[in-house]
1. So, with a 1.4 angstrom probe, what is the percent of accessible area on the range 125-315 that is carbon and sulfur?
2. Ignoring ligands and nucleic acids, what accessible area does K278 show with a 1.4 Å probe (Å², nearest 10)?
3. Return the sequence-ordered ³J(HN,Hα) values of the range 127-135 in whole Hz as given by the Karplus equation 6.51 cos²θ - 1.76 cosθ + 1.60 applied to θ = phi - 60°, using x for Gly and Pro.
4. What is the set of long-range amide H partners of V249 at a cut-off below 5 Å, with H atoms built 1.01 Å from backbone N?
5. Mind listing the long-range amide H neighbours of V299? Cut-off is under 5 Å, sequence gap 5 or more, other chains count too, H placed in the peptide plane at 1.01 Å from N.
6. What base-10 log of the normalised intensity I(q)/I(0) is obtained for the range 58-112 from the Debye formula, alpha carbons as equal point scatterers, at q = 0.12, 0.13 Å⁻¹?
7. Summing +1 for each Lys or Arg and -1 for each Asp or Glu, what net charge is found among the other residues whose Cβ lies under 13 Å from the Cβ of E238?
8. Which GluC sites (Glu not before Pro) in the range 58-109 pass both tests, a DSSP loop state and at most 11 other beta-carbon atoms within 10 Å?
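The values are calculated or read from the model by the stated rules, or taken from the named source; none is laboratory data. It should be emphasised that the depicted structure is a prediction, and the values quoted were computed from it without experimental measurement. Cβ coordinates were reconstructed from backbone atoms using ideal geometry, including for glycine residues, and neighbour counts include every protein chain displayed. For accessibility, only protein heavy atoms count, side chains too; no ligands or nucleic acids. Shrake-Rupley method; radii C 1.70, N 1.55, O 1.52, S 1.80 Å.
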Amino acid sequence: MGLFDKIKQAFTGNKPEEAPAEDKYEAGLEKSRSSFSDRLNALFANFRTVDEDFFEDLEEMLIEADVGYQTAVTISDQLREEVRLKNVKKPEEVSQVIVQKLVDLYGESEDSEDNSLHYAESGPTVFLFVGVNGAGKTTTIGKLAHQLKEEGKSVLLAAGDTFRAGAIEQLQEWGRRDGVPVVATEAGGDPAAVVFDAVKQAKEDNVDVLLVDTAGRLQNKVNLMKELDKIKRVIVRELPDAPQEVLLVLDSTTGQNALSQAKEFNQTTDISGIVLTKLDGSGKGGIVLAIGNELHVPVKLVGLGEKMDDLQVFDPTKFVYGLFKGLIDQPANATETD
Ligand code: GDP
Ligand code: MG
């Protein structure tokens with residue numbers, strides 16, 4: 001059974017106890033959901049028959065919805081074939097098939113991916129956060145530190161962004177708010193030295209999780225990559241199994257730009273997962289499809305709003321439901337048994 005059918009069964013069957021209440025995903029993806037269905041409706045309003053022009057517009061619409069070029073082409077090609085086979089003429093009849101294709105395509109790429117965050121079996125776990133300025137690294141660290149603490153874990157933060165003005169203070173402010181210690185140096189200091197001290201302290205104090213902030217920009221790209229490399233080497237030298245995660249933080253509001261950043265980082269740094277921020281403000285939730293199909297790096301955390309608990313561990317089923325709810329057909333007469 002494809003993901004589409006699984007979701008349909010879980011959410012439209014007579015099993016209310018299994019259907020999630022209005023949750024963070026539904027709320028955080030509202031903009032994406034409405035912009036997608038608006039686009040779909042506009043497309044259908046323009047066409048009376050399913051012809052070649054229709055498919056061209058569909059492709060364009062999918063690309064604009066940020067599902068990625070490759071995904072858009074794949075879907076419209078599969079749809080052409082299906083429409084031919086089933087002899088479909090009315091655009092409305094294709095609507096369900098489009099959503100089904102999107103969901104299943106998404107399911108295919110996600111099934112093979114591990115969305116969970118990995119922790120050390122013993123000793124400190126280290127998560128290294130990388131990404132361009134403004135992506136949401138420091139905010140994500142602040143929110144995650146709070147959540148880990150709530151779970152009863154001890155947390156330490158390392159202010160590895162010594163380059164950007166105010167970056168150290170921003171992380172220290174999160175540390176105060178979360179009640180979590182922060183290892184820092186003065187602005188302009190050596191980030192690798194800060195990370196070295198932080199790892200040492202994490203080992204001495206037997207800290208559960210060390211979250212390492214890094215600079216998003218240096219004098220140039222080569223320097224940045226060299227520095228990330230150096231930071232990683234310092235960590236590995238002290239804790240051979242660390243970092244358990246190297247998380248690339250991406251701002252979803254930048255759409256395709258986020259995707260090219262991801263490709264670039266992925267070429268030079270070993271990324272273990274992606275944090276997709278600001279999904280609440282973007283209407284570009286489709287980017288998750290593009291990441292899944294074109295990048296093959298699992299999304300591990302999503303930022304669905306500004307509140308502490310709006311940072312969520314990525315749940316593909318909830319995400320897809322949040323994105324396509326309402327477009328996934330409700331059965332006219334719900335006669336299914338449980
Ligand atoms: P950094 O340069 O990568 O460390 O980015 P920051 O953590 O400083 O974040 C840049 C801006 O994005 C801040 O104003 C954050 O409040 C905002 N931000 C980060 N994550 C989210 C999110 O998930 N949703 C929303 N709405 N804003 C976010
Ligand atoms: Mg920062």
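1. Of the solvent-accessible surface of the range 125-315, carbon and sulfur hold 46 percent.
2. The value for K278 is about 80 Å².
3. 3J(HN,Hα) across the range 127-135, in whole Hz: 10, 9, 9, 10, x, 5, 4, x, 5.
4. V130, G131, V275
5. Placed amide hydrogens put I274 under 5 Å from V299.
6. -0.27, -0.31
7. Spelling it out: positives minus negatives among the neighbours equals +2.
8. none
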